[in-house]
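Novice: Okay, here's the structure, questions in a sec.
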Amino acid sequence: MFLHATASLYAAALLIATGLTYVAWREIQSEEPRRIRFKGAQALADSLPMPAEGSPDMRFRLLSPWETAAAPVALRFDPPLGALIYNAQPFWEMNVRRGGHHTGDDLNGIGGMNTDLGDPVLAVADGLVVYAGDPSPGWGNIVILAHRRPNGELVQSMYAHLDRIDVSPGELVGRGRRVGRVGTAHGSYPAHLHFEIRTGDGVDIGAGYGGDPLNRVDPAKALFEWRGAAADDFTPSPLGVALREGN
Ligand SMILES: [Zn+2]
């Protein structure tokens, strides 16, 4: 009887071990990518449009000491697009479908839809290119410039969904320099410029909708307050002239 019970225990243990080995083997053979098992972490990962692999992720980093020193003083700010523009989705408007508040302004040509596709997107102020890349399908091509305001504060202007990028990281650009062209984020939207103004000394691509503005400020209000010139004054930037920039 005792022997029989021991044999049954061994048999059960063997069965369990075989089962576990099989499960482990299936896991190893599985083509499915490993999933994060924690529900909260997975929900967070799903909400962030970030690639799991690829080139180094430069979407969150602090500006280097060189960048901090090289960001030019921006005495005045101009609009990022030419005349005849409307703001289709202003800063911090709630977008129920996207589940959050809009983190920038969506600037469109008054012709609507893709009539502004390929229009030049201009640096709003003298700046340093601190990001130029294509971080995710939802964003498409992005350029971020760092500027130092006359009061010493570091701020950034961000130009998203671009059809084309015309500047490189580390490049100094004068106000009015073409940094790219209005695009659709690879066909994700009708052509428009998603434009943001951010404060602080980090580069954080983040998401286009959120529950907290974090370091984002109202772009139209910022450009108006930081204008530094008469509304109809569009003389070129001395820095741009010195850099011999042409669009
Ligand atoms: Zn937008």
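Please treat every number below as a calculation from the coordinates, not as lab data. None of these values were measured; they are calculated from a predicted model. Neighbour counts are summed over all protein chains in view; Cβ atoms, including those assigned to glycine, are modelled from backbone coordinates with ideal geometry.
Novice: So what are the ³J(HN,Hα) numbers for the stretch 77-82, from phi and the Karplus equation (6.51, -1.76, 1.60; θ = phi - 60°), rounded to whole Hz, Gly and Pro as x?
Specialist: 10, 10, x, x, 10, x
Novice: Let me ask something else about it. Return the Cα extents of the stretch 63-242 along principal axes one, two and three, sorted largest first, each rounded to a whole Å.
Specialist: 42, 31, 28
Novice: Give a quick list of GluC sites (Glu not before Pro) in the stretch 102-202 that DSSP marks as loop, anything other than H, G, I, E or B, with at most 13 other Cβ atoms within 10 Å.
Specialist: Values: sites: E153, E171, E196; in loops: E153, E171.
Those satisfying the criteria are E153.
Novice: Another one. So what's the gap between the Cα centers of the stretch 198-247 and the stretch 78-135, to the nearest angstrom?
Specialist: With the stretch 198-247 and the stretch 78-135 each reduced to a Cα centre, they are spaced 12 Å.
Novice: Across 10 Å bins from the origin, how do the percents of Cα pairs in the stretch 117-161 run, short distances first?
Specialist: P(r) for the stretch 117-161, in whole percents per bin: 26, 48, 22, 4.
Novice: I need the trypsin sites (Lys or Arg not before Pro) found in the stretch 68-148, filtered to DSSP loop residues with at most 12 other beta carbons within 10 Å of theirs.
Specialist: Details: sites: R76, R97, R98, R148; in loops: R76, R97, R98.
Here the sparse-neighbourhood loop sites are R97.
Novice: Ok, one more. Please identify the chymotrypsin sites (Phe, Trp or Tyr not before Pro) of the stretch 185-247 that satisfy two criteria: DSSP loop assignment and at most 13 other Cβ atoms within 10 Å. Which are they?
Specialist: Details: sites: F195, Y209, F224, W226, F234; in loops: W226, F234.
Sparse-neighbourhood loop chymotrypsin sites (Phe, Trp or Tyr not before Pro): F234.
Novice: Which three semi-axes in whole Å describe the equivalent ellipsoid of the stretch 154-247, each the square root of 5 times a Cα gyration tensor eigenvalue, listed largest first?
Specialist: On the way: eigenvalues 108, 70, 39 Å².
The three semi-axes for the stretch 154-247 are 23, 19, 14 Å.
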